Amino acid sequence: MDSISPDDAHHALRTIAESREAMRRAVRAHRGHLHLWLWGAIWIAMALTVHIFGERATRSFPLFVLPGIVTSTAIGIYQSRQIRAPFDKRFMGALACLLAFGTLWPFVLGVGDTTSADIRIFAFIALLVMQLYVLAGIWFDNYLLVIGLTVSALILTGLFAFPGIFWLWFAICCGGPVVLSGFIVRFWWR
């Protein structure tokens, strides 16, 4: 086995440090800051619009957000041509999961007067747990993703379509599939 001289080792480490610094400079020049500027400006514009025109101006938020999404996508596509970095699908899936579940919370917690606060809070906590299942499915195994998405849809169906029988619905249609999936994974999953 050949050994490396101290000079060769020093040279190799210096080369690694130089390439790392060059990569950091490229990343600083082509990643992140444009998105931060864009979304900071959008948030400022949204807040000022409500401040100037009142609460009803919140209805205009999609007019800020949708072009922001398009612009963010364009920036991402352009910058991906500047820097070749591996695309982490799991990370993007996790971000999408957080965003999708995050947009559910106001609807779940703000359900009309016919649904009790206890049901809303329970549904919120159950959906939070299902969000963990979805994230675990993205990172580890697809069956957790399927369980999380399926049970989340069933929770929302019960909450919005069957609030009068929500507890029975939840027991049968939400708790039942979780238990059943445990048996499927234990005895039939390959």
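The values are calculated or read from the model by the stated rules, or taken from the named source; none is laboratory data. Note that the structure is predicted; figures quoted are calculated from it, not measured. A quick note on method: Cβ atoms are made from the backbone with ideal geometry, for glycine too, and the neighbour counts reach across all protein chains shown. Surface areas here come from the heavy atoms of the whole protein model, side chains and all, with no ligands, DNA or RNA. Shrake-Rupley method; radii C 1.70, N 1.55, O 1.52, S 1.80 Å.
As a summary of the residue check, GLN79 satisfies the conditions (1) touching a Pro at 6+ places or on another chain (Cβ under 9 Å); (2) polar (S, T, N, Q); (3) surrounded by 12 or more Cβ atoms within 10 Å (Cβ to Cβ); (4) at pLDDT below 80 except for the one numbered (1).
Would you check if PHE122 is closer than 30 Å to SER72 by Cα, open to solvent by 30 Å² or more (accessible area, probe 1.4 Å) and more than 16 Å from the chain's Cα centre (by Cα)?
Criteria not met by PHE122.
Return only the number of the condition from (1) closer than 23 Å to LEU135 by Cβ; (2) open to solvent by 40 Å² or more (accessible area, probe 1.4 Å); (3) without any contact (Cβ under 8 Å) to a residue 12 or more places away in the chain that GLY175 does not satisfy. GLY175 satisfies all of (1) closer than 23 Å to LEU135 by Cβ; (2) open to solvent by 40 Å² or more (accessible area, probe 1.4 Å); (3) without any contact (Cβ under 8 Å) to a residue 12 or more places away in the chain except (2). Test LEU99 against the criterion of being open to solvent by 70 Å² or more (accessible area, probe 1.4 Å), part of a helix (DSSP H, G or I), at pLDDT 80 or above and closer than 23 Å to PHE166 by Cα, and give yes or no. Considered against the rule, which asks whether it is open to solvent by 70 Å² or more (accessible area, probe 1.4 Å), part of a helix (DSSP H, G or I), at pLDDT 80 or above and closer than 23 Å to PHE166 by Cα, LEU99 comes out as no. Can ILE165 be described as surrounded by 13 or more Cβ atoms within 10 Å (Cβ to Cβ) and either hydroxyl-bearing (Ser, Thr, Tyr) or in a helix (DSSP H, G or I) (or both)? Spelling it out, it is not the case that ILE165 is surrounded by 13 or more Cβ atoms within 10 Å (Cβ to Cβ) and either hydroxyl-bearing (Ser, Thr, Tyr) or in a helix (DSSP H, G or I) (or both).
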